[in-house]
Structure formats: C-alpha cells, structure tokens
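To start, the structure itself, in structure tokens.
None of the figures in this text is laboratory data; all of them are computed from the coordinates on show. For clarity, every value in this text was computed on a predicted model and none was experimentally measured. Backbone-built Cβ (ideal geometry, glycine too); neighbour counts: all protein chains shown.
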Amino acid sequence: MTNDTDHYDSHKVNRDLEQPETAHQISTDSWFQVAFVLTTGINSAYVLGYSGTTMVPLGWIYGVVGLILATLISLYANALIAKLHEFGGKRHIRYRDLAGFIYGKKAYSLTWALQYINLFMINTGYIILAGSALKATYVLFSDEGQLKLPYCIVIAGFVCAMFAVCIPHLSALGIWLGVSTVLSIIYIAVGFALSLKDGLNAPPRDYSIPGTSISKIFTTIGATANLVFAYNTGMLPEIQATIRQPVVKNMMRALYFQFSIGVVPLYLVVFTGYWAYGNSTSAYLLNNVNGPIWVKATANIAAFFQSVVALHIFASPMYEFLDTKYGISGNALALKNLSFRVLVRGGYLAFNTFVSALLPFLGDFMSLTGAISTFPLTFILANHMYLVANGNKLTSIQKLWHWLNVCFFGVMSVAAAIAALRLIAVDSKTYSLFADL
C-alpha cells in the first residue's frame, strides 16, 4: 500500500511541476542505465592517467587517503545537487537553469560559462586520450615515427565527430553504454594485470615525490584538482533529466552505484599502476606496461573507442543547447537534422580537436579543469545552492557546515587554478606547440 501511495504521489507531483522545453528526450531511462552513464565517466580512459597525475605528486599516504576522501565528498556534493532537481515547483534539467532559478540571470550566465569551460576541456582531454591511445598502438608496430601525435589527435577528432552525428542525444546511447563497459573492462584488466606482473618482477621502486620543494607544492595542489576531476561530471542535472520518475530517488540509486561498485575498477588500476612503477609512472599507464604486443594493442584500441563514447556524454549539454535553440527535433535521420549535426557538432568538435593538437598536455588539462570548473560547480555551488534553497529548514550547525565547505573549496579552487596555470606555463616552455609527446 505504501508503494502504491508513493507511486501516485510522485505522478501527482510530476503533473504539477513545470516542465522545461528541450529538443532531447527526458525521463526515459532507468536508474541502471543512468548509473552506467556515470560509471562510464569514472572509468573512462582517463583512469589510465591517475597513477601518474595523482599518485606520483601525492605519494602513497596522501594519494590513497585523497582518492577515498574525494569519493565520499563527491558522493555528498552530487547528492545535494540531485535533491534540488525538482526544487520550487520546476524541473531543472540543466545546471544553469537551477543556478538561475536560485540566484538570477547573472548566475545563470556564469554557471553556463563555467560548465562550458568544464565540458570543453573534458572533451579536449578525451580527444587527447584517444589520440594518445592511437599513437601508442602505432608505436607498438612501427618505429619509423611518421604518425605523429597531432595526426593521431586529428584522426580521433574525426571519429568522435562521426559518432556525434550518429547518436542524436544522451538517451540514445543505449547499447553503446554496454559496449563502453566492455571496452573499459579490457583496458582496465590489461593495465591491472600487466602492472601487477611488472611489479612482482621489478626491483624496489622509488616512491618519493619528485621535484624541488617549490615544484612539489604546486604539483601537490594540482593533484588535488585531479582527485575531484576523477569523480565529477559537472553536468549532473543534465544526466538526471534522462532518468525516469521518481527522479530524485532513482538518481540517488545511480549515485550509490557510481560511488560504490563504479569506483572499484578505478582503485584497482590506479593503485596497482603506482605500486608497479613508483614515481616513474607516466600520465598514460599503458606506456609503462610490458607484455605481448597484441595485448597492449587491444587495450589501446579499447581505450581509443571508449574515449569516443565517453566524449559524447560530456558533449551532450552543448548538443542539447544547440538542438533546442535551433529547433532540431523529430526524426534524427531527417535531412535538416542530420545536416545540422554534421555541420554544427562537426564544427564544435573540430575546434576541440585543434586545441587538443595544439596543447596536448593531458595532466595539465585535468588539473585546470578541476580547479576552475569542477571545484566551483560540484562543491562550491552545490553547498551554497542547497544552503539557499533549504536555509529555513537547516540548523545552525548544518548552515555552518555548508559555509565551511563553500569557503574551503573556494580557497582550493583558487590555489589549484594557480598551480595548474604554472604547470601549463612550464610545459609550454618544455614542449613546442603541436608537440609529439
């Protein structure tokens, strides 16, 4: 009887909620499919970089504790955002809509700018990852060096654009989420197994944090941004928009899945990779491992194609914005709709590809993205929006807790941004534009 009442009440509330206009489907996906969307983001090919970009600058103690704390804090912050999805009698299917509803037009524009930066840089990183995987595959079979990294990045960008044309919206991923999961299992299993084999056969490794005292400070701060970048999308309301009713309850199920079962593969490959190679671990783990060429090639190819699928998830808010603005709806194969996707999405990804080839410094992108957008969107805004929305219902201690979070992550965001910009400046001097890393 209780379940029937809850079902009735949820549908009654849904009828009363103001539904926003969108050209994409909403409320069509099960919580399990949404959980796989979230888990795809966590265990994307980025996972092959965290041993080098988080563990090396932080070391064993701070690296392990940092990853676990980032997991718990990220679950908490995302839960705050999820619970505001139906706030004030409206469904907020876009992050900027929620911020604009709570704060006003200026906050709407600022949030959209932060989110655009966040998603643009994540997409850029995915193209770099895909290009790096392609280059790593080429190197396994040829030592001529004719296929440079910038060329591989261009190829990766073209494949991403083709996929974006074929998949009209986030909910249409469907079976591709299953394909993505299989691909993730392949490169994570290979990275874990070969790292474990190398670690068991290798001499003692050096786990000391490299660099001078000054550089250690900046790399440590930058690594904290990578910690939060690993778990957060910066587009939770957009993902939540696709989930079936009851929206909040189902989204919480998806988040619990993401931050429990979903993080296990990440932990396995990150900790094993660092254990096996110490402070010589690279920003792309498959460059460290030793094993049969065909096994490493399979893992690299899997990382390449999984990056293509994962990029589509993080590009979907931009696609939704453009499709809604220009009235692109209906049959996805209609000439108008297909042409629009080819020209507009293709142009967007062409610019992403250009930036990726221009500055292929993957670790620096992760640090800067975490600093200037993941920190503000996931932690600062989440805590402050929840505080504003529920101010009258919170105790003094709860209010103090949220304000402490706002202030702490505000300071961390500024510090991490400075550290990331310094890293980019240093790497820009070391490597030329369109570098073949």
From the list Ile217, Ile243, which residue is more than 26 Å from Pro317 (Cα to Cα) and either in contact with a strand residue (DSSP E or B) (Cβ under 7 Å, 6 or more places away or on another chain) or surrounded by fewer than 24 Cβ atoms within 10 Å (Cβ to Cβ) (or both)? Ile217
Can you give me the number of residues within the range 400-432 that are over 25 Å from Val388 (Cβ atoms), among the β-branched types (Val, Ile, Thr) and within 23 Å of the chain's Cα centre (by Cα)? 2
Yes/no for Val295 being farther than 19 Å from Ala202 by Cα, among the β-branched types (Val, Ile, Thr) and within 17 Å of the chain's Cα centre (by Cα): no
So for the range 243-264 (the condition being closer than 30 Å to Pro203 by Cβ and assigned to a helix (DSSP H, G or I)), does at least one residue qualify? yes
Of all residues making up the range 36-62, the number that are over 14 Å from the mean Cα position of the chain (by Cα) and closer than 15 Å to Val263 by Cα: 1
Reported set for the range 386-399 where residues are polar (S, T, N, Q) and either within 27 Å of the chain's Cα centre (by Cα) or surrounded by 15 or more Cβ atoms within 10 Å (Cβ to Cβ) (or both) is Asn390
